[in-house]
Amino acid sequence: MQLAAMQRSVPYHASTVLVLLLAIVFPHIGLIPLPFGYTVPVLLAIWWVLKKYGESFADLGLSVSNFKLGAVGQGLISAVLLFVVFQYVVAPVLSNWLGLPAANLQDFDFIKGNKAGLLFVVLMGWLVGGFYEELVFHGYLFTRIENWLGGSKAVLLSWLLSNLVFGAYHWQLGWSGAIQAGLAGLAYHGLVIRNQRNLWYAFFFHGFYDTIALTALYFEY
């Protein structure tokens, strides 16, 4: 059966929905008592479904062969600009104009002045934020929604919907945190789409942004 036909089949859609539910819900229910341990079963599930239907991570935009050195520079510059915009525009608007409390970052309080804690969380920021979240939301989720929708507006709508889910996925950060996560997702993903759907751009953008934000938190900035 050809890929296009399989993508219209009930088992294909059912397996896709199950994997997405696993990816969105599993991280928040704490079944694996290891930091970020949920990433392994979710990635394995995505890999298995992709393999079953003749796809791979390369079809989501991530492969060794499509690495571009420019992704590093663009990711760093974009991360600095996004941090400045969030710090001096978005956060004040959410707080002063909309009256929302600041993002709930209590889970990261332990890194303040704690170099070992900072190094660990920055590493996880690259592995979980840069790799896992980008692959799941801006690779897998985006392409599945795009396949479901079809049509000339599929890319735009899939970009918006996948990042609405991405923002909601960060609900533990409170309203401000979830909104900012959704906006950041739009930015990460926008850079990917601008660069022929190359997820390396989001990997570096997301990783550098998390590094900057976590370092600012370490210095209690």
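Candidates 171, 97, 175, 148: the one that is closer than 17 Å to residue 60 by Cα and not β-branched (Val, Ile, Thr) is 148. Is it true that residue 190 is small (Gly, Ala, Ser), within 22 Å of residue 67 (Cβ to Cβ) and within 13 Å of the chain's Cα centre (by Cα)? Against the criterion (small (Gly, Ala, Ser), within 22 Å of residue 67 (Cβ to Cβ) and within 13 Å of the chain's Cα centre (by Cα)), residue 190 qualifies.
Of the helices (runs of 4 or more DSSP H) that lie entirely inside the stretch 1-111, those containing 1 or more residues that are within 19 Å of the chain's Cα centre (by Cα), under 28 Å from residue 180 (Cα atoms) and touching a residue at least 24 places away in the same chain (Cβ under 8 Å) span 10-25, 39-52, 70-85. Contact annotation: residue pairs with Cβ atoms under 7 Å, 6 or more positions apart or on different chains, pairing a residue in the stretch 147-176 that is under 24 Å from residue 22 (Cβ atoms) and without any contact (Cβ under 8 Å) to a residue 12 or more places away in the chain with a partner that is buried (at least 17 other Cβ atoms within 10 Å of the Cβ) and hydroxyl-bearing (Ser, Thr, Tyr), are 149/158.
Scanning the stretch 137-196 for residues that are modelled with pLDDT of 95 or more, surrounded by fewer than 18 Cβ atoms within 10 Å (Cβ to Cβ), closer than 20 Å to residue 108 by Cα and polar (S, T, N, Q) yields nothing.
The values are calculated or read from the model by the stated rules, or taken from the named source; none is laboratory data. Predicted, not measured: the structure shown is a model, and the values here were computed from it. Cβ atoms come from the backbone with ideal geometry, glycine included; neighbour counts cover every protein chain shown.
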